[in-house]
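Written below as structure tokens is the structure these notes are about.
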Amino acid sequence: MSGLSVAHRVALAALIEQAPDPMLAKLSSVAIALPGERAVELGDMLLEESLDRARRRLVLAPLLPMFRPRADGVEAMTFPPAVLPRLWKAGSTREPALLPRLDREGSDAIAVCDRICLAAAAAVRDRPDLVWPADLQPDRREQGLADLAACLDLAHLARRGLPSLEVWLKRPDGDQIAELRLLLKDCAGVHLDGAQRVLEMLFSHLDDAVLILRIVTQSSCAAGREGFLSASELSGFVERLIAGVDARVARIAAFRPGSELATVEPIIDDLTWCANVLNELDVTLTLNPLSLWGKSVRDARVSIAGQLSGFLRAADRAVDRALPLERIQTSGRMTRKAPLLSAPVQGEGVQAARNLLKLVGAVRGPASIFGAEADRRKLVESLTDRLTDYADQALLLINDGEAADEVNALRLVELAARSLDLIDAKDAARTVRRRAAVAGAATDGSKPSSRAA
């Protein structure tokens, strides 16, 4: 059988280049299992692409996260993903003889990495259309090319600092802080704004955006003071974090727990993120309460605290709507409240209760930061008693044969148990389920129904 034609190789090369890394690994495993000369050639092409990407990851490691948006949505210096392979090709083709040296660990490979980054910077300046096509994000192309070239100029310094990133985020000693400041000084010697740019590169490697404050405030003896920081080029990091808080405050305020498409997990994440950011701002910076930053932080804290308190009150009411009671007559004119066993187990009211109870159970940390933990804990205790009592009464009615629709009644009991799970009352939920497992046996003498479990 003949091998791949030139047209086949060109088409396959284009497809392989676009394939994400996980797909590339799967294609390689499939190609190995296929017979024939064409499969061998395809396997060689896939192996060559995998090797090329490994070299690319090594060389461009300081900039690599900058070719995708931040997962948390915080504004950052980024470049279009489509630029990455073009940039690598432009830089690596200038030094083809050096590429095999990247496959061996050691200082020699690092020196080659730095040399290729400088070659890539030259390519960005000399042949910008080759790296960043004119029709790709034209509104930010000019500034993006300048930023990209400057970051490549600083890649060797950023590479030097990356191994110390974890140390700087914890409790660095005097020597480690001096190392950071020397790095920033060296960057400023390469570019006037080199310190800010290398911090942008370090920022791209942080999944938790607020941690950049720990590095920024160690960059100078005075950086922990708002007056110094707000007047420096590093103020942008604080402003971006505050903007991120403001965006999340708006999302939290717009949340409607009873909506059919509403999911509470993003709101829980927003509350947790805001709590972490505001707490870190309090710890790392000395904010003037009358300054723009101080007012923004205070307003965000007040708004979130109010929203959180509102969610707690809404959760209390939502349980009454999801698991309603009705007044029944006992003897004579005496009445009491008992579970309405014909209530629906789905719908807007039930959805709202589930969302709000999940939030109540998940925001212990944020509630502490925003001064609502005492109210949250009190609500959890109250709901635990109410939900357990509801389940007890419902099971009593089922066992007495007073449930017109036993299946629906047992589903309501299970809803009560799930509600207890959501507020982290696991023991009470297990007790309810054990009792529900034998519900109805007293009236019909049958074995416990599996539907009740």
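The values are calculated or read from the model by the stated rules, or taken from the named source; none is laboratory data. Owing to the predicted nature of the structure, the values given are computational and were not obtained by experimental measurement. Note that we place each Cβ from the backbone using ideal geometry, even for glycine, and neighbour counts take in every protein chain shown. Ligands, DNA and RNA are excluded from the accessible area calculation, which covers all protein heavy atoms including side chains. Shrake-Rupley method; radii C 1.70, N 1.55, O 1.52, S 1.80 Å.
What to note about this one:
- Counting protein heavy atoms only, the stretch 62-218 has 53 percent of its accessible area on carbon and sulfur, 1.4 angstrom probe.
- Gain on full extension, evaluated as 0.36 nm per residue between ASN399 and SER235 minus their Cα-Cα distance, stands at 52.4 nm.
- Using a Förster distance of 51 Å, the FRET efficiency for LEU136-THR335 (Cβ separation, nearest 0.05): 0.10
- P(r) weight above 15 Å for the stretch 68-165, C-alpha pairs, percent: 65 percent
- Computed from label points 7 Å out along Cα-Cβ, the spacing between GLU326 and SER164 is 7.3 nm.
- In a fully extended conformation the segment linking LYS378 and GLU179 would gain 66.8 nm over its present Cα-Cα distance, using 0.36 nm per residue.
- Mean ellipticity per residue at 222 nm, deg cm²/dmol - from DSSP H runs of n ≥ 4 across the chain, formula -39500 (n - 2.57): -21000 deg cm²/dmol
- Take the Cα of LYS26, step 7 Å toward its Cβ, do the same at LYS295, and the gap between the two points is 5.4 nm.
- For the chain, the solvent-accessible area of protein heavy atoms averages 51 Å² per residue (probe radius 1.4 Å; ligands and nucleic acids excluded).
- Our compactness index for the chain, the C-alpha radius of gyration over the empirical 2.2 N^0.38 Å, is 1.36.
- The mean sequence distance of close C-alpha pairs (under 8 Å, at least 6 residues apart), as a share of the length of the stretch 62-218, puts its relative contact order at 25 percent.
- Using a simple spin-label model with pseudo-atoms 7 Å out from Cα toward Cβ, ALA39 and VAL302 lie 7.1 nm apart.
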